[in-house]
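Visitor: I have a structure here, written as structure tokens, and I will follow up with some questions on it.
Bear in mind these aren't lab numbers, they're just calculated from the coordinates by the rules spelled out. Everything numeric here is computed off the predicted structure, so don't read it as measured data. No Cβ is skipped: glycine too gets one built from the backbone with ideal geometry, and neighbour counts run over all protein chains shown.
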Amino acid sequence: MSLAELICPAGTPAALRTAVDAGADAVYCGFQDATNARNFPGLNFTPVELAEAVAYAHARGTKVLLALNTYPPAGKVDLWRQAADTGARLGVDAFIVADMGVADYIARTYPGIRLHLSVQAAASSPEAIRYYCENFGVKRVVLPRILTIPEIRQIRREIPCEIETFIFGNHGLMVEGRCSLTNYLTGQSTNMDGVCSPASDVEYVRDADGSMSSQLAGFTIDRFGPEEKAGYPTICKGRYAAPHRPEGYYAFEEPVSLNLSRLLPELIEAGVHAFKIEGRQRSKSYVRSVVRAFRAAVDDIKAGREANIADLIALTEGQKQTQGAFETKKWR
Amino acid sequence: MAVKTMTKLTLGPIAYHWPADARRDFYARIADEAPVDEVYLGEVICSKRAPFHEADLPVTIERLERAGKTVILSTLAEVMLKRERKATEDLAAMDAPEIEINNAAGLFARGKRPHRIGPFMNAYNEATIAWMAGKGATHVCLPAEMPAPAIAAAARAACALGLGVEVQVYGRASLAVSARCYHARAHGRTKDNCQFVCEEDPDGMPLRTRDDRPILRVNGIQTLSESYIDLLPEAARLVADGVTHLRLMPQAVDMVAVAQVFRDVLDGRVPTGEADARLATLSGDAGLSNGFYHGTAGYRRIAAAAPA
Amino acid sequence: MIPTSEPKARLRPGEGAIARLACLVLQPVLTRVVRRVAARHPSLFARLGPHQTTDFLIDPVELPFALHLRPDPQALVFRAVPRDTAPQAGATIRGRFLLLLELIDAEQDGDAAFFSRDLEVSGDTEAVVRLRNALDDMDGSLAEEASAMFGVPGRAVLARLRRAYPDATKPQEYA
């Protein structure tokens, strides 16, 4: 049986300590700049905070993974290299990377530190994954959330590295690392700046009838009725009108979160080494509840018991959950 | 405008599901009339569409090459299913024509043999371009969202390594790809039983916001910009910054005339302002934008600075 | 769904006077609380970044007054204000009082409260996100800390407050 490590998000030092205390095997985090894909206001770590976080986690047997998973635009590569240098100096256990230039730099400069391939690299076939394994010595791939369990099982047979899959949280619809939707409306890039629907461009407008419009850079992404559950103000979760859908519909996906709690045994059986919980932008309250619930579930499964997953529906976007592509390819 | 005539004009692969006979007619006209130097062929977006036009490829290639055009075959942007892996491997095994790779699975299959790097490969910076060059890349098409200073820095590095550098200067920008087919979804279907409904929209299916503002175009699993990128006013600076190839993406407009407008400006035959007005007319209802290049929202149109 | 519409429309006859009185009584408490928090959690201000000088209006829908917060380390403002004299805010956060208290204390997840429409934000969204992240990085309970400042009576008030809102607290832990 695989290790079934639990990989947990940390947007702040307090969230990191919360995740460690709640039973994370590893936490992932990033610096306060464009070098990671959750470059959100008021979030993430200074080098001093990361040093303290590494000490706290290591003292309790928890690993720290540093996300350097954006794509440096030409002329700014040094920022990513410095972030890698700082992470190495502070003793992080692995780097999560997407850009080949960044991967190459770390593989050459810090051959003793593990490289994980970020979901932002969008490696969704055995060949793509093997390219990164053979060229950069990648030890683990974070799979895109677009594969069914039989497909994951097949990939596992054909690659020389570990597999990490998302099991809970925001359900990105677009292939990660290939999405410029935010940049098209706001001028800030997900790949180059690490932002997605930046708060500075988001506005919630309350209408006279109690409904709410969420706007991104002045574009109305969605309008929620007074009683309707809401979602993140991201373009891919918006409602639009199309020629065949004049009434407006969720053209890409409804506000919904991924929750694979019921599929954990199958994922373990398929050879998944690590389970990732999304949500560095979420509160430590979220981290505490979700990590605790999945810690108990994984421990139950490992002990041969039936897992009893606490109800996490309130923490899901739109208060709706899905098993997405993992369950059936009809999702596509 | 004095611009080097050696700058090459290229025609990117057709992103949409145009019917086979429409494609045949399109490429016949391109071969006979369009002043483009290089033409990218092949299905990049959806592997289900490939069987519809694969059979025509040899004839199309022959026709274009006879007309003096360089032909390059592009691989799929998304490789997940068995047929997609096979298609990528088959293309990567070819010796001629050249190939443009859009997925790391293609890089794996190609090894160190020469190839071009497509816009889906995320070659954003000099370190990545140098890595790719070391693995046999001869040419790189930069991501459409890159701003001018990054394009210049990337082009400088690529030129120093002897690579060709390409930037999209016309047509809708690819903004996202997904495993899910949004054309099928709009019609209450799934990708597996899509019945190729994307064929109904030769220039993408328009999406409008709830306050009726046009915003995006859906093309199967791909999401495109509502506006067409237009970097005609910026062409001189692109060339000065080291960009060697300017890419026109096929849209449902008169692409021969579009190519002619760009060629006229590159050759200094028509002033940019006059040419750009003509381009706007040719582009019909589509808005023109250059925001990405100017480091602002992609949909925006930034007016050219007055010549010094 | 938050059971109210525009703030001004909520003012009932006679409420203005009560609100002004409540604010007067409350002010010394608020001042002590905010000074104490600022002194003990200086890293909070770094996460606020440029929004240290933003005026936040925290609007507990069922109370007769709102709270005005300006988290400027040079000139901290935290005061109770009657709604009819509330300042023009850069960002407004509106919801039931105990929900707001629990958000401050990271007992509740702000995104979840937003998804369920129990929490409403308007104005500068980045300011709200920064304030949320800054508060979320503090260990311990602000409410406990504040109530402890007033000894036994303080803790008793907090306990009573929590009992008064059984539906919004622990039992359903996010259900």
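Visitor: Whole-Hz ³J(HN,Hα) for each residue in the stretch C:112-122, computed from phi via Karplus 6.51 cos²θ - 1.76 cosθ + 1.60 with θ = phi - 60°, x for glycine and proline: what do you get?
Guide: Each residue's phi maps through the Karplus curve to give 4, 5, 6, 4, 7, 6, 6, 10, 10, 10, 9 Hz.
Visitor: Output the antiparallel fraction of DSSP beta bridges having both residues in the stretch B:127-282, as a percent to the nearest 5.
Guide: 65 percent
Visitor: Considering only DSSP beta bridges whose two residues both sit in chain B, what percent are antiparallel, to the nearest 5? If you can, show how the numbers build up before the last one.
Guide: Details: 14 of 41 bridges.
Around 35 percent antiparallel, to the nearest 5.
Visitor: Please turn the phi angles of the stretch C:82-95 into ³J(HN,Hα) values with the Karplus equation 6.51 cos²θ - 1.76 cosθ + 1.60 (θ = phi - 60°), one per residue in order, whole Hz, x for glycine and proline.
Guide: Computed from phi, the couplings for the stretch C:82-95 are x, 4, 6, 10, 4, x, 5, 9, x, 8, 10, 10, 10, x Hz.
Visitor: Also, I was wondering about something else. I need the peptides B:81-93, A:137-149 ranked by packing, meaning the mean over residues of other C-beta atoms within 10 angstrom, with the highest value on top. Could you put the intermediate results ahead of the total?
Guide: Values: B:81-93: 17.5, A:137-149: 22.1.
Final packing ranking: A:137-149, B:81-93.
Visitor: Hey, another quick one. Return, ordered by residue number, the residues of the stretch A:105-123 whose backbone nitrogen is under 16 Å from a label point located 7 Å along Cα→Cβ of A:ALA88.
Guide: A:105-116
Visitor: Could you pull out the pairs from A:LYS139/B:LYS86; A:LYS284/A:LYS329; A:LYS63/A:LYS237; A:LYS237/A:LYS329 whose alpha carbons sit more than 23 Å apart here? Walk me through the numbers on the way to the answer.
Guide: Numbers: A:LYS139/B:LYS86 25 Å; A:LYS284/A:LYS329 34 Å; A:LYS63/A:LYS237 33 Å; A:LYS237/A:LYS329 20 Å.
The pairs that break the limit, which is 23 Å between Cα atoms, are A:LYS139/B:LYS86; A:LYS284/A:LYS329; A:LYS63/A:LYS237.
Visitor: Ok, one more. Sum -39500 (n - 2.57) across every DSSP H segment of at least 4 residues in the protein assembly as shown, then divide by the residue count to get the 222 nm mean residue ellipticity, nearest 500. Walk me through the numbers on the way to the answer.
Guide: Values: 29 runs with 289 residues, N = 815.
Mean residue ellipticity at 222 nm (helix-derived): -10500 deg cm²/dmol.
Visitor: Each residue of the stretch B:288-294 in order: what ³J(HN,Hα) in whole Hz does its phi give by Karplus 6.51 cos²θ - 1.76 cosθ + 1.60, θ = phi - 60°, with x for Gly and Pro?
Guide: So the Karplus estimates, Gly and Pro as x, are 10, 9, 9, x, 3, 4, 8 Hz.
Visitor: Something else now. With r as the distance between the Cβ atoms of A:GLU52 and C:ARG35 and R0 = 30 Å, compute the FRET efficiency 1/(1 + (r/R0)^6) and round to 0.05.
Guide: Working: r = 26 Å, r/R0 = 0.86.
E between C:ARG35 and A:GLU52, to the nearest 0.05, is 0.70.
Visitor: For B:LYS8, give me every one of the lysines with a C-alpha distance below 25 angstrom, ignoring sequence neighbours fewer than eight places off in its own chain.
Guide: Filter leaves B:LYS69, B:LYS135.
Visitor: As an exercise, use a Förster radius of 51 Å and the Cβ-Cβ distance of A:ALA208 and B:GLN195 to find the FRET efficiency, rounded to the nearest 0.05.
Guide: After rounding to 0.05, the efficiency reads 0.75.
Visitor: Given points 7 Å out from each Cα along the Cα-Cβ axis, report the C:ASP139 to A:GLU227 separation in nanometres with one decimal.
Guide: Label at C:ASP139, label at A:GLU227, 4.5 nm between them.
Visitor: For a quick check: with amide H placed at 1.01 Å from N, whose amide H comes under 5 Å from B:GLY171's, ignoring anything fewer than 5 positions away on the same chain?
Guide: Amide H neighbours of B:GLY171: B:ILE229, B:MET249.
Visitor: Taking a virtual spin label 7 Å from the Cα of A:GLN154 along the C-beta vector, which residues in the stretch B:76-98 bring their backbone nitrogen under 17 Å of it?
Guide: The answer is B:78-90.
Visitor: In the calculated pair distance distribution of the protein assembly as shown, what percentage of Cα-Cα distances lie above 42 Å?
Guide: Values: 108918 of 331705 pairs.
Beyond 42 Å sits 33 percent of the P(r) for the protein assembly as shown.
Visitor: How far is the Cα center of the stretch C:109-143 from the Cα center of the stretch A:10-59, in Å?
Guide: 19 Å
Visitor: What FRET efficiency would be calculated for the residue pair C:ALA75, A:ARG108, taking the C-beta separation as r and a Förster radius of 51 Å, to the nearest 0.05? Kindly include the intermediate steps, with their values, before the conclusion.
Guide: Working: r = 51 Å, r/R0 = 1.00.
Calculated value: 0.50.
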